[in-house]
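In what follows, a single structure is set out as structure tokens and then discussed.
Each reported figure results from applying straightforward, stated rules to the coordinates on display, with no laboratory input. Just so we're clear, the structure is a prediction, and the values are computed from it rather than from any experiment. No Cβ is skipped: glycine too gets one built from the backbone with ideal geometry, and neighbour counts run over all protein chains shown.
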Amino acid sequence: MSNLETRPAEVRCQRGGELEAGEGGPTPAAVAAPERPAVQVLTSREVPLGGPRAMRVHRTLPQRQRSLIGAWCFADHYGPDDVSVTGGMDVPPHPHTGLQTVSWLFSGEIEHRDSLGTVARVRPGELNLMTAGHGICHSEVSTSDTTVLHGAQLWVALPESDRDTARDFAHYEPPAVPLDGGVARVFLGDLAGHSSPVPTFTPLLGAELTVDPGAELRVEVDPGFEHGVLVDTGAVTLEGVSLTRTQIGYHPPGTSRLQLRNAGADPARVLLLGGEPFPEQIIMWWNLVGRSHEDIVTARREWEDHSERFGEVPGYVGHTGRLPAPPLPNARLRPRVQP
Ligand code: MN
């Protein structure tokens, strides 16, 4: 998926909160003090995705309070959308740099095409991981037989050592691992005795968890990781803190067990995202991740110049051509002060 904002801000991201790009910047946010609740609730904002009738998504990362959870640097949650009303998804070819995209669906189907030549059907419960590295472009269109589109698009920042790696695409269908009180599908990393075979560039966790009605789920986690629980459906509490749909409950490093409770009468479903706190500061603008304003300016120009850096998407049959880059901000923005 793409960030289709027409006036995207350049965002400097680091451990803790989000900064606008600029000189300097405050220190990373401190880990929650003992007297404060360990769980930070991150609320989403609605963003139009584009397409014929501008399907809307709920974006929780990045935001002022927090821009990264491990190397997870972007989280869009959408649906369930009646495609006959919203028009579904039609994201024309657009570029990425310095990141990986994770498409995870709960219902519906998306056709993914990229400049590696990949043509993939993204289906519920299956990981589709695209590595942009130095540069890639792709399109995403919901298929004609999709009636309800429901899922998440997540981005992972690549570390400095690998951010210019070659384009890649991986597909993996994780098994449903039964838990006491629910089910886990572990698409990246290790959880509940299951290891995803898909390699990551930094220590990372990505899993879908369903929690039975009235059940409490306890999962063992890496105490060196920070975690986010993105609520898709249900009345979920994380460590006793209530979360509603589209929110992320953030838990800092330092615990070896997370407790989820579903107080509702229907099954609850969440995405559990985790990773070692990402030690680098990144600059995100539009669909591009770099380390400096100049990185972004160069990548944007190369996309506009149809550079080999991004290639072409063969076979895209959407409503429009490739996505033009929005204008850059006129000036470098000043850093935001950490709340
Ligand atoms: Mn994309």
Roughly how many debye, to the nearest 20, is the charge dipole of the chain about its Cα centre, given +1 on each Lys and Arg Cβ, -1 on each Asp and Glu Cβ, and no other charges? 800
Could you work out [θ]222 nm for the chain from helices alone, using -39500 (n - 2.57) per DSSP H run of at least four and dividing by all its residues? Round to the nearest 500 deg cm²/dmol. -1500 deg cm²/dmol
In region 37-314, with Lys and Arg counted as +1 and Asp and Glu as -1 at Cβ, which of these residues, Ala235, Tyr78, Ser307, has the Cα nearest the positive end of the dipole, that is, farthest along it? Ala235
Hey, got the dipole for region 217-339? About the Cα centre, +1 on K and R Cβ, -1 on D and E Cβ, debye to the nearest 20? 440
Go through 67-77, 319-329 and give me the packing order, highest mean Cβ count within 10 Å leading. 67-77, 319-329
In whole angstrom, the spacing between the Cα centers of region 239-306 and region 101-168 equals 16
Mean-square fluctuation check for the chain, GNM, Cα pairs under 10 Å: which of Phe169, Phe225, Phe187 is largest? Phe169
Taking the beta-carbon count within 10 Å as an exposure proxy, list Ser44, Ser144, Ser242 from fewest neighbours to most. Ser144, Ser242, Ser44
Determine, for Glu302, Glu140, Glu111, the number of other Cβ atoms within 10 Å of each Cβ, and report the residues in order from fewest to most. Glu302, Glu111, Glu140
Given contacts defined as C-alpha pairs under 8 Å and at least six residues apart, what's the relative contact order of the chain, whole-number percent? 23
Given the candidates Pro252, Leu271, Phe201, the one whose Cα lies deepest towards the positive end of the charge dipole of the chain, counting +1 at each Lys or Arg C-beta and -1 at each Asp or Glu C-beta, is Pro252
Return the inverse of the average 1/r over all pairs of distinct C-alpha atoms in the chain, which is the Kirkwood hydrodynamic radius, in Å to one decimal. 20.0
GNM on the chain, Cα springs under 10 Å; top mean-square fluctuation among Arg59, Arg45, Arg269 goes to Arg45
Which one of Thr246, Thr210, Thr86 has the biggest mean-square fluctuation once the chain is modelled by GNM with Cα springs under 10 Å? Thr86
